[in-house]
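Asker: Below you'll find the structure I mean.
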Amino acid sequence: MAKIKKIGILTSGGDAPGMNAAIRGVTRTAIFNGMQVVGIRHGYHGMIFGHFTRLKAHSVSDILARGGTILKTARSKEFMTAEGRKQAYDNLKKEGIDAVVVIGGDGSLTGARVFCDEYYDIPFIGIPGTIDNDIFGTDYTIGYDTAQNTVVDAVDKIRDTASSHNRLFFIEVMGRDAGFIALKTGIACGAEAILIPEVEGQVEGLKDYLEKGYKRKKSSNIIIVAEGEKSGGAFAIAEQVKEEFEEYSVRVSILGHIQRGGKPSAYDRVSASTLGYEAVQALLDDQKSVMVGFHNGEVDLVPFRKVIKLKKSVDPQQLEMADVLSI
Ligand code: F6P
């Protein structure tokens with residue numbers, strides 16, 4: 001492959017703490033290796049409409065500790081069309097961009113894959129970035145650690161008031177399609193139950209649990225509900241429980257977008273920096289259409305086609321463990 005002279009970098013989909021660390025990692029590694037770097041603002045939308053900005057080593061100073069993404073992000077409908085992608089390709093060519101690093105979630109990597117199937121001469125490398133941790137082929141996605149810590153902090157606070165008032169709290173956490181945040185934070189906070197999209201019929205089990213708990217005079221409870229839970233989410237379940245268990249005082253708390261913001265944890269900073277560095281190494285090694293992730297603590301390259309086709313699953317043993325620990 002011809003030597004890469006200029007790379008583009010973008011963030012796409014939901015932002016996640018640590019994306020800036022990855023942008024810095026890519027930018028400085030590329031400059032160190034003699035490349036120029038162009039920041040593509042507003043994700044694929046910016047690729048289509050030419051929102052390009054030159055990044056120098058100093059452009060990424062003081063961003064390691066900041067949440068969000070300095071390049072902004074978007075979910076681009078135009079990039080889902082062949083015309084949109086053609087326009088994006090023409091723009092990359094006009095700007096002289098030889099390779100692109102995309103930081104984002106499932107949808108963003110799907111976009112990269114479709115683009116690379118149509119246009120072969122601009123290699124793309126993906127970096128998994130989403131607080132949801134729901135990308136196949138990597139144990140970790142940027143922002144997941146920080147989001148978990150944010151949730152744990154909030155749930156611990158809610159537990160104080162829940163136990164003071166003998167209340168049952170339903171706390172909804174993010175995870176439109178996946179229960180990773182719910183499962184891990186439920187374990188970390190000693191939640192009495194964890195309801196996730198991957199498992200059906202959990203509400204009946206919850207009712208049994210509450211019945212028994214009340215008999216044992218267990219007066220306060222924390223139930224973590226993933227946003228994508230299939231029976232209607234925290235409010236709907238809380239309504240059912242209120243009707244059937246009048247003895248419980250029920251409250252609902254939706255943690256919402258607070259989970260996406262804030263300073264990245266040390267773990268997110270180090271991991272995102274590593275993935276940024278490794279994404280450029282992959283380009284130097286003539287790789288294309290792969291995501292750089294972690295498998296059992298080691299950096300791993302996974303083809304886009306696998307990342308997109310396969311679904312990452314939660315560990316059923318951990319759910320079982322959470323049940324045992326909450327008796
Ligand atoms: O970043 C992924 C995610 O956190 C999902 O869990 C959630 O459903 C979604 O973002 C919400 O994002 P937005 O409000 O930007 O559509």
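The values are calculated or read from the model by the stated rules, or taken from the named source; none is laboratory data. Computed from a prediction, not measured in an experiment: that's the story for all the values here. Neighbour counts are summed over all protein chains in view; Cβ atoms, including those assigned to glycine, are modelled from backbone coordinates with ideal geometry. Note: areas computed on protein heavy atoms with side chains; ligands, DNA, RNA excluded. Shrake-Rupley method; radii C 1.70, N 1.55, O 1.52, S 1.80 Å.
Asker: When the chain is fully extended, how far beyond the present Cα-Cα distance does Ser313 get from Asp177, taking 0.36 nm per residue of separation?
Answerer: Working: separation 136, 0.36 × 136 = 48.96 nm, distance 1.09 nm.
Using 0.36 nm per residue and subtracting the Cα-Cα distance, I get 47.9 nm.
Asker: Taking the convex hull of the alpha carbon atoms in region 144-260, what volume per residue do you get, in Å³?
Answerer: Details: hull volume 10.0 nm³, N = 117.
Per-residue hull volume (Cα only) is 86 Å³.
Asker: With labels modelled as points extended 7 Å from the Cα through the Cβ direction, what inter-label distance (nm, one decimal) is found for Lys230 paired with Lys157?
Answerer: 3.4 nm
Asker: While we're on this one: In region 112-155, whose amide N lies under 15 Å from the spot 7 Å out along Cα-to-Cβ of Met80? List them in ranges.
Answerer: Residues 112, 114-115 qualify, since their backbone N sits under 15 Å from the label point.
Asker: Separate question: Just by accessible area at a 1.4 angstrom probe, what is the order of Thr138, Thr274 from largest to smallest? Let's see the in-between values first.
Answerer: Values: Thr138 5, Thr274 40 Å².
Final ranking, largest accessible area leading: Thr274, Thr138.
Asker: Please give me, ordered by residue number, the chymotrypsin sites (Phe, Trp or Tyr not before Pro) of region 1-53 that lie in loop per DSSP and have at most 13 other Cβ atoms within 10 Å.
Answerer: none
Asker: Calculate, for region 144-260, the solvent-accessible area per residue in square angstrom, rolling a 1.4 angstrom probe over the heavy atoms of the protein chains.
Answerer: It amounts to 46 Å² per residue over region 144-260.
Asker: Further question: For an R0 of 41 angstrom, estimate the FRET efficiency from the Cβ-Cβ distance between Leu325 and Glu298 and round to the nearest 0.05.
Answerer: 0.85
Asker: If each residue of separation counts as 0.36 nm, what is the full-extension length gain between Glu247 and Ala65 once their alpha-carbon separation is subtracted?
Answerer: Taking 0.36 nm per residue and subtracting the Cα distance, the gain is 60.9 nm.
Asker: Heads up, I need the accessible area for Arg66: 1.4 angstrom probe, whole protein in place, Å², nearest 10.
Answerer: 120 Å²
Asker: Cα-based Rg (one decimal) and Dmax (whole number) for the chain, in Å?
Answerer: Radius of gyration, then largest Cα-Cα span, for the chain: 21.8, 72 Å.
Asker: Ignoring ligands, DNA and RNA, what percent of the 1.4 Å accessible area of region 100-206 is carbon and sulfur?
Answerer: Accessible surface attributable to carbon and sulfur in region 100-206 totals 47 percent.
Asker: Let me ask something additional. Would you list Ser76, Ser231 from the most to the least accessible area, probe 1.4 Å?
Answerer: Details: Ser76 15, Ser231 55 Å².
Reading off the accessible areas and sorting them downward yields Ser231, Ser76.
Asker: Still on this structure, I have one more. Would you mind putting 254-263, 217-226, 294-303 in packing order, based on average other-beta-carbon counts within 10 Å, highest first?
Answerer: Highest to lowest by the protection proxy: 217-226, 254-263, 294-303.
Asker: In deg cm²/dmol and to the nearest 500, what is the mean residue ellipticity at 222 nm of the chain if only DSSP H runs of at least 4 residues count, each as -39500 (n - 2.57), divided by the residue total?
Answerer: After summing the helix terms and dividing by the residues of the chain, the value is -13500 deg cm²/dmol.
Asker: Just in region 266-327: which trypsin sites (Lys or Arg not before Pro) are loop by DSSP and have at most 16 other Cβ atoms within 10 Å?
Answerer: Passing both the DSSP loop test and the Cβ count: Lys311.
Asker: Which value, to two decimals, describes the C-alpha radius of gyration of region 167-226 once divided by 2.2 N^0.38 Å?
Answerer: Numbers: Rg = 11.5 Å, N = 60, 2.2 N^0.38 = 10.4 Å.
Compactness ratio reported: 1.10.
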